[in-house]
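What follows is a set of notes on a single structure, which appears directly below.
The values are calculated or read from the model by the stated rules, or taken from the named source; none is laboratory data. Owing to the predicted nature of the structure, the values given are computational and were not obtained by experimental measurement. Ideal geometry is used to build each Cβ from the backbone, glycine not excepted, and the neighbour counts take in all protein chains shown. What goes into the accessible areas is simple: the full protein's heavy atoms, side chains included, and nothing from ligands, DNA or RNA. Shrake-Rupley method; radii C 1.70, N 1.55, O 1.52, S 1.80 Å.
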Amino acid sequence: MTYDFRHIKVTTQHGVATLLLSRPQQLNAMNRLIIEEVTLAFDALNQDPNVRAIIFSGEGRAFCAGDDRKEHVHPKNEQQARSLVDAIQRVTHSIMMGSKPVVGAINGWAVGGGFEWAINCDFPIWARSARGFFPEVSLNLFVTGGVTSLLPALVGLNKAREMLFLGEKYSADELLEMGIAWKVVDDDDLILEANEVAQKLAQLPELSVRAMKKTLNETAFSSIEAAMELETEATIQGFMDPLTTEKLRSF
């Protein structure tokens, strides 16, 4: 298959595809196009018979710095807000419900939606200098990506409350201790380690890998679909509140 995108780069080699967020000057921050391209890329890779595993990373100094404040187009009505949030939630569906295992190679900042994408990965490997946090509540918004289901399952309800309400910033080592990061490696070793893990996954029988991913995610996170529906409605309400516009301007 040939992949041609504007804000992401996709390469394949020996059964492993690498999906690289590629807006380095904007710290790979999210605009509508990159959100849609990530979904399209994951969907295509999950259907590509030559791909057995996927690496998800960011070009430059960040994995993904969340919403692009300079390009942010605030929804004017509920229909526009729903369209945007649905597009964001589709990324999580493509990562977590897709057939191929996803190795996250998390570099630099993973903020808001970018942090969500890191958590959505099956094998999240963090560079030692990487950091993550959720600013949404302070902006009168809400998280997406199923993290209201994923975080309590991974770190416990009390720690999830701390992360989501208070928006604390966490180092890679702290995230490893909490169970958010699967591994932490030196920055220079990040892509090498991600490739080694992805190659191991690519060499496993495809049918059993696909079944294992599906079964684990559906049983371990049985409430994720309901959580994402609630997240969507809460995020739409946040977009429609005039206070949100003020918060975003001052952030």
With the dipole of the stretch 5-107 worked out from charges on the C-beta (+1 for Lys and Arg, -1 for Asp and Glu) around the Cα centre, which of 27, 10, 89 lies farthest toward the positive end? 27
Taking square-rooted eigenvalues a ≥ b ≥ c of the alpha carbon gyration tensor, is the stretch 69-116 rounded, prolate or oblate, where a/c under 1.5 means rounded and, failing that, a/b exceeding b/c means prolate? oblate
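Hey, got the dipole for the stretch 21-120? About the Cα centre, +1 on K and R Cβ, -1 on D and E Cβ, debye to the nearest 20?
On the way: 10 positive and 11 negative charges, 26 e Å.
Computed about the Cα centre, the dipole is about 120 debye.
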Among 104, 51, 77, flag the residue with its Cα farthest along the positive direction of the charge dipole of the stretch 49-106, charges on Cβ as +1 for Lys/Arg and -1 for Asp/Glu. 51
Please identify the trypsin sites (Lys or Arg not before Pro) of the stretch 21-127 that satisfy two criteria: DSSP loop assignment and at most 15 other Cβ atoms within 10 Å. Which are they? 61, 69, 70, 76
Excluding ligands and nucleic acids, what accessible area in Å² is computed for residue 88 using a 1.4 Å probe, to the nearest 10? 30
Which entries in 9/159; 169/200; 76/247; 183/247; 169/214 show an alpha-carbon gap greater than 23 Å? 9/159; 169/200; 183/247; 169/214
Within a Gaussian network of the chain (alpha carbon springs, distance under 10 Å), most fluctuating of 205, 24, 152: 205
State, to one decimal in nm, how far the label point of residue 189 lies from the label point of residue 171, with both points 7 Å from Cα in the Cβ direction. 1.7
Label-point gap, in nm, between residue 13 and residue 230 - each point 7 angstrom along Cα→Cβ: 4.4
As I understand it, the dipole of the stretch 76-208 uses +1 on the Cβ of Lys and Arg and -1 on the Cβ of Asp and Glu, about the Cα centre. Which of 149, 127, 115 lies farthest toward its positive end? 149
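Averaged per residue, what accessible surface does the chain expose to a 1.4 Å probe, in Å²? Could you put the intermediate results ahead of the total?
Details: 12070 Å² over 251 residues.
Dividing the accessible area of the chain by its residue count gives 48 Å².
Expressed as cubic angstrom per residue, what is the convex hull volume of the alpha carbon set of the stretch 203-245? Write out the running numbers ahead of the final one.
Numbers: hull volume 4.2 nm³, N = 43.
Here the figure is 97 Å³ per residue.
Counting helices only, and only those DSSP H runs with n ≥ 4, report the 222 nm mean residue ellipticity of the chain as the sum of -39,500 (n - 2.57) divided by its residues, in deg cm²/dmol to the nearest 500. Numbers along the way, then the final one.
Working: 10 runs with 118 residues, N = 251.
Mean residue ellipticity at 222 nm (helix-derived): -14500 deg cm²/dmol.
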Quick check: from the Cα gyration tensor, does the stretch 1-157 come out rounded (a/c under 1.5), prolate or oblate? rounded
Low-density loop cleavage sites - GluC sites (Glu not before Pro) in the stretch 131-200, where at most 15 other Cβ are within 10 Å (DSSP): 168
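Nearest 20 debye, what's the magnitude of the dipole of the chain about its Cα centre given +1 on Lys and Arg Cβ and -1 on Asp and Glu Cβ?
Values: 24 positive and 33 negative charges, 45 e Å.
Dipole size: approximately 220 debye.
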Considering amide H positions built from the backbone, and no H for Pro or chain starts, which residues 5 or more places from residue 130, or on another chain, come under 5 Å of its amide H? 108, 172
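Dipole of the stretch 109-251, Cα-centred, from +1 at each Lys and Arg C-beta and -1 at each Asp and Glu C-beta, to the nearest 20 debye? All intermediate terms of the calculation are to be shown ahead of the outcome.
On the way: 12 positive and 22 negative charges, 25 e Å.
Roughly 120 debye for the stretch 109-251.
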Three-way shape label, the stretch 174-251, alpha-carbon gyration tensor, a/c 1.5: oblate
Only Cα pairs within less than 10 Å get springs; with that Gaussian network setup on the chain, which residue of 84, 151, 33 has the largest fluctuation? 33
Largest fluctuation, 58, 132, 15 only, Gaussian network model of the chain with Cα springs under 10 angstrom, belongs to 15
Taking only Cα atoms, what is the 0 to 90° angle, nearest 10, from helix 32-47's long axis to the longest principal axis of the chain? 30
